[in-house]
Amino acid sequence: LEIAEYINDPHSVCSVLKCYLRELPEPLMTHNLHSDWIFIAKRDPDYRKEAIYRLLPLMPEVNRYNLAYLIKFLQLILDYEEYTKMSVGNLSIVFGPNLIDAGNSTESENVLGSKLVETLIVNADFFFPNCNFLKNESFQDDFSRKPDVANSFGSGDRMVARGTQGQQHTGFYHAQSNK
């Protein structure tokens, strides 16, 4: 089969993106912060929003930038829900498990990951105010550009940090909840 057959199929593109996220050496939202993310996801939406805002800066910078880009992209897809048929709930169910623990989560953790992603998408401008890709451009303008794909990914290094070995678990939200 030709790659051109897959490029125009949104299901194939989505599958590749989910596969990429699952195959990362560490989940985008990191093992190091996993228990914090789970703790936050179990809380009410107002607490969740504030807690996510406080936890994001603790992520490795490259992970945070990739998460910002992905969430803003999902927000853009949501802007076209009428055409994509992807609600915020659908997007959250599809991407939540792939961001929180890349396929190693329990079913209940998948639900919690979906809650986190839904909160991130709905509040994307609050969490990532400086990530404005495509906001002032039309789809046509963006997709009509033909970037040099070979050079657009730098030296070929992974975009996401290989891990957070040597970093201590923050336990930030667990410590806060015990006070």
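Numbers below:
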| read-out | value |
| --- | --- |
| Residue match in the stretch 69-81 (condition: at positive phi and surrounded by fewer than 20 Cβ atoms within 10 Å (Cβ to Cβ)) | no |
| Answer residue from the stretch 73-82, given it is part of a helix (DSSP H, G or I) and of a type outside the set (Asp, Glu) and is nearest to residue 131 (Cα to Cα) among those | 73 |
| Number of the exception - residue 108 against (1) in a helix (DSSP H, G or I); (2) surrounded by 12 or more Cβ atoms within 10 Å (Cβ to Cβ) | (2) |
| Every pair of residues 6+ apart whose Cβ atoms lie under 9 Å, when the first sits in the stretch 70-89 and is without any contact (Cβ under 8 Å) to a residue 24 or more places away in the chain while the second is assigned to a helix (DSSP H, G or I) and among the hydroxyl-bearing types (Ser, Thr, Tyr) | 77/84 |
| Answer residue from the stretch 27-51, given it is among the aromatic types (Phe, Trp, Tyr) and buried (at least 18 other Cβ atoms within 10 Å of the Cβ) and is farthest from the chain's Cα centre (by Cα) among those | 39 |
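Conditions (1) buried (at least 16 other Cβ atoms within 10 Å of the Cβ); (2) part of a helix (DSSP H, G or I); (3) modelled with pLDDT under 95, marked per residue:
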| residue | (1), (2), (3) |
| --- | --- |
| 53 | no, yes, no |
| 91 | yes, yes, no |
| 98 | yes, yes, yes |
| 104 | no, no, yes |
| 121 | yes, yes, no |
| 142 | no, yes, yes |
| 147 | no, no, yes |
| 155 | no, no, yes |
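Matching residues to (1) within 15 Å of residue 118 (Cβ to Cβ); (2) part of a loop (DSSP other than H, G, I, E, B):
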{"position": "5", "(1), (2)": "no, no"}
{"position": "12", "(1), (2)": "no, no"}
{"position": "19", "(1), (2)": "no, no"}
{"position": "22", "(1), (2)": "no, no"}
{"position": "27", "(1), (2)": "no, yes"}
{"position": "49", "(1), (2)": "yes, no"}
{"position": "57", "(1), (2)": "no, no"}
{"position": "68", "(1), (2)": "no, no"}
{"position": "71", "(1), (2)": "yes, no"}
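The values are calculated or read from the model by the stated rules, or taken from the named source; none is laboratory data. Every value quoted in this text rests on a predicted model; they were computed, and no experiment measured them. So basically every Cβ, Gly included, is an ideal-geometry build from the backbone, and we count neighbours across all protein chains shown.
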